[in-house]
1. Please compute the length gained on full extension between A79 and H396, using 0.36 nm multiplied by the number of residues separating them and subtracting their Cα-Cα distance.
2. Calculate the length of the line joining the C-alpha centroid of segment 126-161 to that of segment 223-278, in whole Å.
3. Can you show me the helix-derived [θ] at 222 nm for the chain, built from DSSP H runs with n ≥ 4 at -39,500 (n - 2.57) apiece and divided by the number of residues, rounded to the nearest 500.
4. Can you give the angle from 0 to 90° between the axis of helix 3-17 and the longest principal axis of the chain, with both taken from C-alpha atoms, to the nearest 10?
5. Total Lys pairs in the chain closer than 17 Å by alpha-carbon, pairs eight or more apart in sequence or interchain only?
6. Tell me, what HN-Hα J-couplings in whole Hz come from the Karplus equation 6.51 cos²θ - 1.76 cosθ + 1.60 at θ = phi - 60° for each residue of segment 346-355, using x for Gly and Pro?
7. Amide H of W109: which non-local residues (sequence gap of 5 or more, or other chain) have their own amide H closer than 5 Å, using H built in the peptide plane?
8. Return the FRET efficiency for the residue pair E151, S418: r is the Cβ-Cβ distance, R0 is 60 Å, and the value is rounded to the nearest 0.05.
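The values are calculated or read from the model by the stated rules, or taken from the named source; none is laboratory data. All figures in this text were calculated on a predicted structure; none of them were measured in a lab. Cβ: placed from backbone, ideal geometry, glycine included. Neighbour counts: every protein chain shown. Accessible surface is based on the protein model in full, side chains and every heavy atom, while ligands, DNA and RNA are left aside. Shrake-Rupley method; radii C 1.70, N 1.55, O 1.52, S 1.80 Å.
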Amino acid sequence: MSRASLLRSVLAAAVVIGLGDAHAASWPQFGHDAAHSGFNTAETALGAANLAQLASVYPGGATLASSVDSAPVYQPGVATANGVKNLLFLLSKSGRLMAIDAADGSEVWHQSTSGPQPTTASPAIDPNLQYVYSYGVDGKVHKYAIGSGSEVTSGGWPQTITLKTSVEKGASGLTIAGSGDAPHLIVVTDGYIGDGGDYQGHLVSIDLASGTQHVFNVMCSDKTIHFVLNGTPGTDDCAGRQSGIWGRGGATWSAATNRVYIATGNGTFNANTGGFDWGDSVLALAVDGTGAGNGMPLDSYTPSNFQSLQNGDTDLGSVSMAILPVPAGSTVAHLGMQAGKDGKLRLIDLDDMSGQGGPAHVGGEIQLIDVPQGGNGFPGDRMREQPAVWVDPADHSTWVFAGNGSGLSGLQLGLDGSNHPALTVRWNRAGSSNASTSPVVANGVLYHAGPCADGGICVTAHDPHSGDVLWSSPHIGNVHWQSPIVVDGAIYVTDNSAKLWKFALPAGDVIFRNGFDGAVL
């Protein structure tokens, strides 16, 4: 058989097996996984060797029906009324969930909700690939058939997330956490810009099998109900106000500890003196949203300077917790990193978050260092982008990539002289010209959106070991909370101009899996 005939046969086989291989090529929630690592371990098509061949697939960007200020999710091989398609799901600020054909950027279906305030949440795809979940500006999370958009309105759906839609919203990515037969959908809430009104951040965990939900309030945590607007404290509302959960990833799940972690910003902290308010803290909960009972989480971390963070509006919880695999020989088995608006990175022992054997204590971080590139020019607003966590396949070391308005940096996790985990800065690209959205990693390349070398905004690819620029896209529009995803051999990102961008290899470059990597037609 000639090489051309062989390649044609392989291509035909690839078409047949494509749907069976599709599960490995999805991007089902913000940051790719429930840890929101931003690390796509399944990507093999796009890498440093062929970045130069990337081209814009939607010239000038595909125009969306409504502006999106969040990251998309992606599922290939979805059966729709018009055939099998690879679909992107994007939630607009106005509450319009759009299923977009990744081939040409056209809308396949949409569903809309209405409410008084916008959202910057990202949707999530059900583990069984039958449904997509999306926060609605009506204060509910909705469940839609993935291929048609038909809404499920039984079994408790749509599920109430907040009764205070005028002052409280879902601002972050939805998280699907848990393993085996008991996955949970986890949604967190925050207030609106300006920190005004009677809002209390809380977590809602929904059992996807039964539709039951649990609420954990970070103000008045002894109450496990949805508070009503301007109600009566102690009965249907809380006197404590304005502590929200707004990190881009929302709740973070660690498979190793089987716990969910939420980080709060603003609000009173008084749990160390017998209260139930958890401002500027990281809380550990069970996947079902329950704690240790009596208003206590399973564990907690609160920095010793919590009052100055509250006074200065320098939220500890401006970023979701990052989960860091530890080196061999570490004295700590399970490690988290919390970044905040104070421009600090904190390493936390997830088995004893304060080092004092339980929740409601103060201090106890393993390491406290500055974000290498510094603040982003806004006083007290120095870290809002979700870091990416990458395990280098060459030596299995853990890396953290921190991006913000002042640049991008790479830190490597190692051990100090006492075998405690410690981050070391390996490179730092400081300066507003290197400003970064939440970065992501795929197949040994680091990606983010931010300023181009020649002005404007681009998607840029870096060598994760050095920070050297490997590739930069044509200009896109300005970005805010939008960040790219890299999946199935392509880069996708939205901008403030209601445009969706795709950068991929030319149509003639087919990179096969299953032993035929690198073949080009």
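1. Full extension of this stretch gives 110.3 nm more.
2. Answer, in whole Å: 24.
3. So the calculated ellipticity at 222 nm is -1500 deg cm²/dmol.
4. That works out to roughly 40 degrees.
5. Close lysine pairs found across the chain: 7.
6. Going residue by residue, I get 10, 8, 10, 6, 6, 8, 7, 5, 9, x Hz, with x marking Gly and Pro.
7. A99
8. Numbers: r = 55 Å, r/R0 = 0.92.
Plugging the Cβ-Cβ distance into 1/(1 + (r/R0)^6) gives 0.65.
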